[in-house]
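One structure below.
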Amino acid sequence: MVQPAHLVVAPILIPLVAGTLMLFFDERERRLKTALSFVSILALISTATALLLIVHRGGQAAGLVYLVGNWPAPIAINLVADRLAAVMLVLTALLALPAMIFSTQRWEKLGPHFHTLFQFLLVGLNGAFLTGDLFNLFVFFEVMLAASYGLVLHGGGALRIRGGLNYIVVNLVASLIFLIGIAMVFSAAGSLNMAEIALRAETMHGFAEPALHVGLAMLGLAFLIKAGMWPLGLWLVPAYSAAAGPVAAIFAILSKVGVYALLRLALLVPNDGIAFGALVIFIGGVATLVFASIGILASQSLKRAGGYFLLMSSGTLLAAFGMSQSTVTAGALFYMVSSTLAVGAFFLVVELIEREQDAASSVLAVTMEAYGDGEEESEEDGAEVGRIMPGAVAILGIGFCLLAMVLIGLPPLPGFIAKFAILTALLGPDAAVPAATNFMRGTLAVLLIASGLVSLVALSRAGIRVFWAPVEPFLPRITVTETAPILYLLGLLVALVLAAGPAMTLLLATADDLHHQVRYLDAVLGAERVPPFAGAHP
Amino acid sequence: MELVIAAAIGVLSASGVWLILRPRTYQLVIGLALLSYAVNLFIFSMGRLRVNAPPVLDGSGPVDVTAYIDPVPQALVLTAIVISFATTALFLVVLIVSRGISGTDHVDGREG
């Protein structure tokens, strides 16, 4: 009989095994690798959904805990699947599928080990969401980043390498800051287990308390660099807009890891119910939102605009989390789910649109040159393998239009529901409103609406330029394998609207758990060891 | 001893930060290496500095915890060394490719 706790480790093991298996085959076995990758991601979707259902429906405290090596609770390195972690796992798996399928048409052929790196990226992402140990969080961050360094450069070309170089340097420095933070927290709290740190922080006094706070601030700095907070996120747009389309799509979840880690840690060490560093997070979020809005207006290419949309979503999330109010957090989590899916799909659509245009095709030309025979091969493949979709412009146009509605926040799509949930929690009559935060509430509400207006302006302009008034006739050649992922993501967004009620109930419970960190502590520190299996001791 | 360690960490990280802000990729790599040495020493010193105190139990007789030093930071340092070593190696490859494609070792891929 398998304990449900064993399911917790599966989201890390599945892509790890799949990625490792792929290393045994060389690039000629591309179909096999694609199939492995496909199976692994399907398995991830099902385990993540199962975890979410168990955690949400089950009578467990706040989540399932897996004690690595079956050591007793505070000593063991633990993996914790609470509601937030499970939601992130599901989101990652759902986004990974279209990105992977999209890549099979063209991108996976432009360099070695695409699928392996992709699987290792998933290992790092899932591990970072599941771990309850600070140092393991660092290790999984590094796994994720190492894979992302490979992926961001995938396809080569001068533009990509320049953007990738900055990306790598900034993240290497962020990792060092992360390490300093871990060391300081360890020296103050004497533990790396997040729950135990939170427990000890309550009774801390003397020199240890400021040391802990400095350590946490260093960690926060590292997370904010990853989340792309202004002015720490200036590396993000050049790197992401230079990356290949499917890579940029999966990277939409990468910056959310920073936001996730920040949310988890800041709420574990609260001060009078306010998250650690909430004011800084709020101000940073607001600045990011303003910066991203200006950036969206100023972007010439749609791919850069996609990068700024990612920043905008980071900024909104940070500013909303900075309010430290459970209902606002719930709305922000809904926003995170919808905006991550939408930005991911946006990168894919833009990839198809801009491929025909100058900037993108010149990058591709360089890539083809660097890889020599790539050009002929992909030309042939385009003619033979890929079935060309009829009505390409219509499909792209409708997709673009729907995504624009999500990103702007127009009803009836989930972008609207998310913003509505945040605004209701901010300004609604039943919100428990301390007068001191009125200014913050007002600022955030105005900026949320203003950022929607800015997106409307920028996206209408781009839409008119691409679809209605192109200088040259716009006849993209797109194939079924490239359209299906986009339609799938649009379907998910529509499903999110139809299931908005249950989704919101889930996210309200998630936010409630987060703001009552005692539940997390109880679940983690009270975790029972698993009895050995019957057959293990003859 | 505290003073020596503190000064070493300070000098290493100051040099590292200065080098990272330089425009040449070679300086960048050396800067990152120096910074990671500083961080490793820092983690090491967070387990408190003790002379002649082993981190690993020898398994003979009852254990007097005060005779041992905290082993966790030392284990952390090992992991941190390996990871920063690997990422620096990866970074070097990217730098060499960048040098080959752009023809310059400026971090922006062009002079000036």
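The values are calculated or read from the model by the stated rules, or taken from the named source; none is laboratory data. Everything quoted here is computed from the prediction, not taken from an experiment. Every residue, glycine as well, gets a Cβ built from its backbone with ideal geometry; the counts of neighbours run over all protein chains shown. What goes into the accessible areas is simple: the full protein's heavy atoms, side chains included, and nothing from ligands, DNA or RNA. Shrake-Rupley method; radii C 1.70, N 1.55, O 1.52, S 1.80 Å.
Along the charge dipole of the stretch A:1-125, pointing to its positive end and built from +1/-1 on Cβ of Lys, Arg, Asp and Glu, which listed residue (A:Ala18, A:Leu122, A:Ala99) has its Cα farthest out?
A:Ala99
For the protein assembly as shown, with the dipole built from +1 on Lys and Arg beta-carbon atoms and -1 on Asp and Glu ones, taken about the Cα centre, which of A:Val170, A:Ile408, A:Gly215 lies farthest toward the positive end?
After comparing all options, I get A:Ile408.
If contacts are Cα pairs under 8 angstrom and at least 6 residues apart, what is the relative contact order of chain B in percent?
Reported as a whole number, the value is 25 percent.
Hand me the chymotrypsin sites (Phe, Trp or Tyr not before Pro) from the stretch A:196-274 located in a DSSP loop with no more than 12 other Cβ atoms within 10 Å, in residue order please.
A:Phe207
Can you tell me the accessible area per residue over chain A, all protein chains present, probe 1.4 angstrom, in square angstrom?
37 Å²
If I histogram all Cα-Cα distances within chain B using bins 5 Å wide from 0, what percent of pairs lands in each bin?
2, 11, 16, 16, 15, 11, 9, 7, 5, 4, 2, 1, 1, 0
May I ask you to find the residues of the stretch B:30-78 that are shielded by at least 40 Å² of accessible area once the whole protein assembly is considered instead of their isolated chain (probe 1.4 Å)?
Buried by 40 Å² or more upon assembly, which counts only protein chains, are B:Leu32, B:Val39, B:Phe42, B:Met46, B:Leu76.
At a probe radius of 1.4 Å, figure out the A/B buried accessible area, summed over both chains, and give it in Å² to the nearest 100.
Accessible area lost upon association: around 2400 Å².
How much of the pair distance distribution for the stretch A:205-261 lies past 18 Å, counting alpha-carbon pairs only, in percent?
Result for the distance tail: 45 percent.
For the stretch A:102-250, restrict the atom set to alpha-carbon positions and state the Rg and Dmax in Å.
That works out to 17.7, 60 Å for Rg and Dmax.
Tell me what chain A gives for mean residue ellipticity at 222 nm when only DSSP H runs of n ≥ 4 count, each as -39,500 (n - 2.57), the sum divided by the residue total, rounded to 500 deg cm²/dmol.
When only DSSP H runs of four or more count, the value is -24000 deg cm²/dmol.
Using DSSP to define loop residues, name the trypsin sites (Lys or Arg not before Pro) in the stretch A:1-69 whose beta-carbon has at most 14 other beta-carbon atoms within 10 Å.
A:Arg28
Mind listing which chymotrypsin sites (Phe, Trp or Tyr not before Pro) in the stretch A:1-67 are in a DSSP loop and have 12 or fewer other Cβ atoms within 10 Å?
Qualifying residues, ordered by number: A:Phe24.
Relative to the Cα centre, what is the charge dipole magnitude of the protein assembly as shown, using +1 at the beta carbon of each Lys and Arg, -1 at the beta carbon of each Asp and Glu, and rounding to the nearest 20 debye?
In total the dipole reaches around 760 debye.
Which values of log₁₀ I(q)/I(0), to two decimal places, follow from the Debye formula for the stretch B:55-112 at q = 0.19, 0.20 Å⁻¹ with a uniform point scatterer at every Cα?
Evaluating at q = 0.19, 0.20 Å⁻¹ gives log10 I(q)/I(0) of -0.78, -0.81.
Translational D (Stokes-Einstein, µm²/s) of chain A at 37 °C and 0.692 mPa s when Rh comes from the Kirkwood sum over C-alpha pairs?
Once the numbers are plugged in, D ends up at 139 µm²/s.
For the charge dipole of chain A, defined by +1 on Lys and Arg C-beta atoms and -1 on Asp and Glu C-beta atoms about the Cα centroid, which residue among A:Leu279, A:Val247, A:Gly58 has the Cα displaced farthest towards the positive pole?
Projecting each Cα onto the dipole axis, the largest value belongs to A:Leu279.
Percent relative contact order of chain A, based on C-alpha pairs within less than 8 angstrom and at least six residues apart?
Contact order relative to length: 18 percent.
Return one number: the angle in degrees, 0 to 90 and rounded to the nearest 10, between the long axis of the Cα atoms of helix B:2-20 and the longest principal axis of the Cα atoms of chain B.
Compared with the principal axis, the helix lies near 20 degrees.
Could you work out the relative contact order of the stretch A:106-223, using alpha carbon pairs under 8 angstrom and six or more residues apart, expressed as a whole percent?
Across the stretch A:106-223, relative contact order equals 25 percent.
In whole Å, how far is the Cα centre of the stretch A:17-94 from that of the stretch A:98-149?
After rounding, the separation between the Cα centres reads 13 Å.
To the nearest Å, what is the center-to-center distance of the stretch B:1-49 and the stretch A:301-341, using C-alpha atoms only?
With the stretch B:1-49 and the stretch A:301-341 each reduced to a Cα centre, they are spaced 35 Å.
Pop the C-beta distance of B:Gln74 and A:Asp512 into the FRET formula with R0 = 51 Å and round what comes out to the nearest 0.05.
FRET efficiency, B:Gln74 to A:Asp512: 0.80.
Apply the a/c threshold of 1.5 to the C-alpha gyration tensor of the stretch A:237-290 and tell me whether it is rounded, prolate or oblate.
Oblate, since a/c reaches 1.5 and b/c is not below a/b.
Quantify how strongly other chains surround peptide A:46-57 by giving the mean number of their Cβ atoms within 10 Å of each of its Cβ atoms.
0
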